[in-house]
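Written out below as structure tokens is the structure these notes cover.
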Amino acid sequence: MLNTGLSAAESAKLMKGRKQASKALSNARQRCTNKKNKDYEAYGAVGIQVLIGLDDLIAAIGLPPKNASLDRTNPHGHYEAGNVRWATKAVQAINKKSSLAGGTLPLHSLIAQSKLMAEQEKLRPKVTEAWHLVHKAFNYGNLSAAESAILADNLEIVGPPNEKFRSHQTLVGGKGYASFLLPSLTFPNGFVRARGSGKAAPDGEHARRYLRQGLLFRLSDIERTINVPTPVWSAIIHVLEGDSPGLTLVGRPTQDDLEGGWFEVWMLAVASRLPQFNVGTALFPALSCLEHLREFGGPHQWDEVNHPLLDAQLLFIPDFQLDCGPWGYLSPYQFGALERLLSYRADMGHKTVLGVQAPSKLGIPLQKLLLGGFAIRQIANGTSPQIGIASSGPQACTENLVGAGECQETADDFEKSEGV
């Protein structure tokens, strides 16, 4: 059986990591605000500020790994989301202002930097593989010995609970539900909590069908309010019934948000429940989408392919774009493939729901595609959507769509007319 409970040792490890992150942030504040600090002249005196809190820091780059400290990607910038990372002393030395004055880095520095990024980029594929194995375990009720070994190995890298995934009962609204964890696709080293049935699929055919669509049987007959915020559910249904080719949920999770399921569980719960209402759905992590697209060949061959990634009435990609450094990295070529997927589905009349953390960092073609028709909801401060905009063109927003506001040229610039 799988177990979602954290042991005392695992809880202590998480607490220790959080304290280390808090200390690193406190030290950064001292450098930026305390004129008596020995490093103030190089930080606060030249205008460097700390513009990120502890929860947002952990959400953006996870807990500090061994022998790493807080660093700014751009040494001329602030401590803020998108410009912070955990880095070793060697990498920080490479990143000093004096080494970025247009000169070429020493060969040994380039090698060290490349090795670090290569190691970090291995994490996302392992998380994606763990995600699929946990789904299989929950749908079938067990895994093979080889699969269990892979799962344990992958989760040992991304953090607890490792092999301990046994579900436990929780009360929600006076009713008992099984509460279980899934490896987070959007939060480095984190887990998201879902609540659903304690039973696996009743037979192999059910299990295979749900697995092929990337769904969880345990969430198929659970009241949607248990796992999905009402505004998110409403936005998804509005898009499903309207003319927009899809919905983009924008936001970064905090540790507390993971308890509510965040994008992964919200989307998974909706995708697993809607087939009960004769709506064809599927959910695939971004890397799984890319793997399937490689198997399908070029877009000119897709019409001959029968697969839920292409054919599902409503497709969910919770980790379409991340903003956590190399862990969330996708190449321009990979984003090009995902752009072709979205365009193909739109041409076929199918809808797609995406999870995006930093829209302004997407390439211009993807920004135009999303702003040119996708409904957009920004999620801020937990599970309360703050902004909702849908557009039929970069400058077109109307009251009868998902919210109303002023559409700007990039997704990060949209704002609601009445304020947030």
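None of the figures in this text is laboratory data; all of them are computed from the coordinates on show. If you're wondering where the values come from, they're calculated on a predicted model, not measured in any experiment. Counting neighbours? That spans all protein chains shown, and the Cβs are built from the backbone with ideal geometry, glycine included.
Extension gain for TYR329 to ASN74 (0.36 nm times residue separation, less C-alpha to C-alpha distance): 90.1 nm. This ranking places MET15, MET348 by how few other beta-carbon atoms lie within 10 Å of each, fewest first, which gives MET15, MET348. Note: relative contact order over the range 293-369, using C-alpha pairs below 8 Å and six or more positions apart, is 39 percent.
Sorting 203-210, 362-369 by their mean Cβ neighbour count within 10 Å, with the most densely packed peptide first, gives 362-369, 203-210.
Separation of the alpha carbons by more than 24 angstrom is noted, of LYS66/LYS122; LYS13/LYS136; LYS19/LYS66; LYS13/LYS66; LYS13/LYS361; LYS13/LYS126, for LYS13/LYS136; LYS13/LYS361. With 5 Å bins beginning at zero, the pair-distance distribution over Cα atoms of the range 254-320 amounts to 3, 16, 22, 21, 16, 11, 6, 3, 1 %.
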